[in-house]
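This report refers to the structure that appears directly beneath it.
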Amino acid sequence: MFNLLQSLLANRKTPNSARGIYSVCSAHPWVIRAAIQQALLDQSLLLVEATSNQVNQHGGYTGMRPADFRRMVVAIAEEEGIPVERIIFGGDHLGPNAWQKRPAEEAMALAKEMMAEYAAAGFTKLHLDASMACKGETAPLSDEVVAERAAQLCLAAEAAVSGEKPVYIIGTEVPIPGGATEALAELEVTTRSAAETTLRVHREIFAGQGLEQVWPRVVGLVVQPGVEFNHDSVVDYVPAKAKELKSLLDSADGLVFEAHSTDYQKPAAYGDLVLDGFAILKVGPALTFAMREALFALAAIEDELIAPEHRSSLRSVVEEAMLSDPKDWVSHYHGSSEEQRILRRYSYSDRMRYYWGHAAVQKATDLLISNHSSLSIPETLLSAHMPEHYKAVRAGKLSKKPVDLILYSIREALKPYAAACFPTAEKRE
């Protein structure tokens, strides 16, 4: 991993070379499978990351601990025929994020425990994210406090690792996991001076904690390049606004920028971001958003073909699950009851991704797939509800099997990333 990111930085302005890598931040098996299929198609490496909310020592919202997540990905990789050596396992937002409502000392103890599990399970790209304030603290935290806590997390990882030494990502200007909750119009890009201060303070504190030998493996800095999304809008990347920031890379040997919340950008933006040194592009909600679109389209087709008593009623089942257990969306979606309903179904932040593992939702999803597996979708209905899939089916590039249609949607969301990070990918279509 260390040599990979070093080469990405060195080659970021070289035509037809691997100048970047996208990071798939999802724990859904279909998203993982689609990402593996895309990597096979592109003959590329794949970076898969679990987040601290999804996967931690208590199971997160997926019920998986780090070793469980790794086993799941390896099993899918073996089914799809990609060598496990081509998959890089990362941990995203590893810090007190999942325990912010607790006092800092307690939250950090849990965060260090989680970090040790990730490192011991063979995750080799670790995001040291101590940027969030805990109970009784005022945000934003100072660079010094964030760096001190990042060093503690790093020490926990180093003590637990037994195989390949991990690389680390740091940064204090870390976007909210899963997208913003407030209205967006424009974002302030991280200034070069702020990024330089973050690097200097972290390096000094790491040295003070006896981590000098680890510092060369701090290969990425999370900054705000001016990209974000909220429930119904996207702030697009403007290269000119990041000109001063990206100049820092000319004097920061071995460093790349990591860009979070790059979901839903216009396709050309990904190439611009990579060329400007944002060599790690994080994507997550956009992939489950695409998956949800495919599932809802299949549910609409089901309504046309299956008798009411045999339908999955997936859309209403998901809605009922979200209403009966609102903790994963209620603090994010505001407004009238009708506005909240629309957000639950269609928000860019896609809080619905927390509910696919609920028993009733899983049962309905399985029934939807079973219903479609027992019939052949008429091309006219496919054209009406999934027009891009229809074109691929008519061209002989895609089957009408329901899971294949779902995976196609997810791969389509990944293709702009692949084209930017692996410039020869489109030529292998």
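The values are calculated or read from the model by the stated rules, or taken from the named source; none is laboratory data. It should be emphasised that the depicted structure is a prediction, and the values quoted were computed from it without experimental measurement. Methodologically, a virtual Cβ is constructed for each residue, glycine included, from the backbone with ideal geometry; neighbour enumeration extends over all protein chains shown.
Worth a mention:
- Test: Ala183 is modelled with pLDDT of 95 or more and either assigned by TED's automatic domain parsing to the domain that holds Asn53 or not acidic (Asp, Glu) (or both): no
- Residue that is under 23 Å from Val256 (Cα atoms) and either acidic (Asp, Glu) or not assigned by TED's automatic domain parsing to the domain that holds Glu293 (or both), where the choices are Tyr118, Tyr61: Tyr118
- Note on segment 24-78: among residues that are closer than 21 Å to Phe289 by Cα and free of Cβ contacts under 8 Å to residues at least 40 places away in the same chain, the one that is farthest from the chain's Cα centre (by Cα) is Gly60.
- Checking each residue in segment 317-340 for being farther than 18 Å from Leu295 by Cβ and part of a loop (DSSP other than H, G, I, E, B) picks out Asp325, Val330, Ser331, His332, Tyr333, His334, Gly335, Ser336.
- Of the residues making up segment 47-72, those that are aliphatic (A, V, I, L, M) and surrounded by fewer than 23 Cβ atoms within 10 Å (Cβ to Cβ) are Met64, Ala67, Met72.
- Screening His93, His127 for residues that are closer than 15 Å to Gln152 by Cβ and touching a residue at least 60 places away in the same chain (Cβ under 8 Å) leaves exactly one candidate, His127.
- Filter result (in a helix (DSSP H, G or I) and surrounded by 19 or more Cβ atoms within 10 Å (Cβ to Cβ)) within segment 87-108: Pro96, Asn97, Ala98, Trp99, Ala104, Ala107, Met108
- Any chance Tyr354 is over 30 Å from Pro239 (Cα atoms), under 25 Å from the mean Cα position of the chain (by Cα) and buried (at least 17 other Cβ atoms within 10 Å of the Cβ): yes
- Counted residues, segment 366-377 - those being more than 30 Å from the chain's Cα centre (by Cα) and either at positive phi or free of Cβ contacts under 8 Å to residues at least 12 places away in the same chain (or both): 1
- Residue within segment 236-249 that is within 20 Å of the chain's Cα centre (by Cα) and either closer than 30 Å to His334 by Cα or in contact (Cβ under 8 Å) with a residue 40 or more places away in the chain (or both) present: yes
- Candidates Ala111, Ala119, Ala147, Ala151 - the one that is among the small types (Gly, Ala, Ser), in a helix (DSSP H, G or I), out of contact with any Ser or Thr (no Cβ under 9 Å at 6 or more places or on another chain) and in contact (Cβ under 8 Å) with a residue 12 or more places away in the chain: Ala151
- Residue check, Val214 more than 30 Å from Glu339 (Cβ to Cβ), hydrophobic (A, V, I, L, M, F, W, C) and in contact with a Cys (Cβ under 8 Å, 6 or more places away or on another chain): yes
- In segment 114-147, the residue that is surrounded by the fewest Cβ atoms within 10 Å (Cβ to Cβ) out of those that are under 22 Å from the mean Cα position of the chain (by Cα) and of a type in the set (D, E, K, R) is Glu117.
- Segment 144-180: number of residues that are under 30 Å from Val234 (Cβ atoms) and either of a type in the set (Gly, Ala, Ser) or at pLDDT 95 or above (or both): 10
- Condition broken by Asn11, with the remaining ones in (1) modelled with pLDDT of 95 or more; (2) farther than 27 Å from Asp328 by Cβ; (3) in contact with a Ser or Thr (Cβ under 6 Å, 6 or more places away or on another chain); (4) not small (Gly, Ala, Ser) satisfied: (1)
- Filter pass, Ser337 being under 21 Å from Asn53 (Cβ atoms) and free of Cβ contacts under 8 Å to residues at least 24 places away in the same chain: no
- Which numbered condition Ser52 misses (of (1) among the polar types (S, T, N, Q); (2) closer than 19 Å to Ala120 by Cβ; (3) out of contact with any Leu (no Cβ under 8 Å at 6 or more places or on another chain)): (3)
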